[in-house]
There are 2 protein chains.
Amino acid sequence: MGGRGPSQAGIRVDAARNRNRLLEAALELVAADGADALTMDDLASRARVGKGTVFRRFGSRAGLMQALLDHAEQGFQTAFLLGPPPLGPGAPARDRLHAFGLARLVALKVTGELARAADVDPGTRYQHPSRSLARRHLAGLLRLSGPVPDPELAAYQLTAFLDAGLLLHLHGEEGMSLHRLEKGWEDLVDAVTRYGSP
Amino acid sequence: MGGRGPSQAGIRVDAARNRNRLLEAALELVAADGADALTMDDLASRARVGKGTVFRRFGSRAGLMQALLDHAEQGFQTAFLLGPPPLGPGAPARDRLHAFGLARLVALKVTGELARAADVDPGTRYQHPSRSLARRHLAGLLRLSGPVPDPELAAYQLTAFLDAGLLLHLHGEEGMSLHRLEKGWEDLVDAVTRYGSP
């Protein structure tokens, strides 16, 4: 406290900056070679810090993956909660639903790889805070967009299709184009929101 | 060959019988206590064979889970391909789609536990032969049931909701009743097959 405050605050700002620098370097490596290829050694040498620094900051490779996913998810959350339309507020609900999946698909290579790599425990995969926020967002848009009988469950049905592992499988192994997956998302949204329409 | 044939055939029939007896005993244990509680020791003592016999036959606990899943899936496949309507042939396509998900939900406790326990490698979860047969079956029914723009992709969207891990999470942790999940399945089928209807 007192006279030492400013310097402690300075240390915290430096630590946050260093952490962001490490996360950005790691995202570049994942974008280039995929999450499976990312090692703590590569990250340390890319960011020009000691390997010990990387381990001190993230604990383990799994901890790093989770931190990367949180970092990428925060950017996506800011975009759908506060960003420009049609993903953010200001567009009709169905357009925002369309934009949600399209944004996910555009980010598939990086965030998809991360989500898959971090998704090691099936018991917790539906409980990650970012997933629960995304589902509540979708359920809210579904309520606004049409006579959807069970918006909360329909949000699970929509996000089940946006599962990173499934999309990477459809794109990578099944050879479905991103365009086809985008169309498939829009079709699904339209089907679910038109339920019961005359 | 020759004179030894009948006795070798007899040995094969005995081996198949013993294997089925072990699988049925394992299914009873899973139905009672869940897949996570099933051990090779429990199975050996339930089926009154040595532990070595269980390991010789299934290789590992993961091998046993996969064998159990195959055994349960074969029964389900027979039912949707050859069994009585509405799950089997003879009912309208949309009724068969409804029945498919309801049968999955009824079997959730046993096959869901097995699928989750066997689903350890996310890289192969969409490629299991039984899943691919089920998806082709659903895609065929979707083609018959309405103007579905991309039946192959829609079959993936439907089966993504029937993922055992997701259903167990919704039923167990989220406390959604089986009745609500059944209704959610029927709503999803109706939405997808009514796409583009006037």
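Some notes on this structure:
- Residues of the stretch A:119-149 satisfying the condition of being at pLDDT 90 or above, of a type outside the set (S, T, N, Q) and not in a loop (DSSP other than H, G, I, E, B): A:L133, A:A134, A:R135, A:R136, A:H137, A:L138, A:A139, A:G140, A:L141, A:L142, A:R143, A:L144
- Residues that are at the interface with chain A (Cβ under 7 Å from one of its Cβ atoms) and surrounded by fewer than 20 Cβ atoms within 10 Å (Cβ to Cβ), drawn from the stretch B:137-159: B:P149, B:D150
- Residues that are closer than 11 Å to B:L114 by Cβ and surrounded by 18 or more Cβ atoms within 10 Å (Cβ to Cβ) within the stretch B:28-54 comprise B:V30, B:A35, B:L38, listed in sequence order.
- Within this structure, A:L162 fails the test of being surrounded by 16 or more Cβ atoms within 10 Å (Cβ to Cβ) and over 19 Å from B:V189 (Cα atoms).
- Among the residues here, A:A134 does not qualify as closer than 24 Å to B:E182 by Cβ and either in contact with a Leu (Cβ under 6 Å, 6 or more places away or on another chain) or more than 7 Å from every other protein chain (Cβ to nearest Cβ) (or both).
- Of the residues making up the stretch B:40-75, those that are among the hydroxyl-bearing types (S, T, Y), part of a helix (DSSP H, G or I) and within 23 Å of the chain's Cα centre (by Cα) number 0.
- The stretch B:147-195: number of residues that are on the phi > 0 side of the Ramachandran plot and touching a helix residue (DSSP H, G or I) at 6+ places or on another chain (Cβ under 9 Å): 0
- Hey, A:L168 in the same structural domain as A:F76 (by TED's automatic domain parsing) and either modelled with pLDDT of 95 or more or not in a helix (DSSP H, G or I) (or both) or not: no
- Residues (more than 19 Å from the chain's Cα centre (by Cα) and more than 9 Å from chain B (Cβ to nearest Cβ)) located in the stretch A:173-185: A:G175, A:S177, A:H179
The values are calculated or read from the model by the stated rules, or taken from the named source; none is laboratory data. Source: prediction; values computed, not measured. Neighbour counts run over all protein chains shown; Cβ positions are idealised from the backbone, glycine included.
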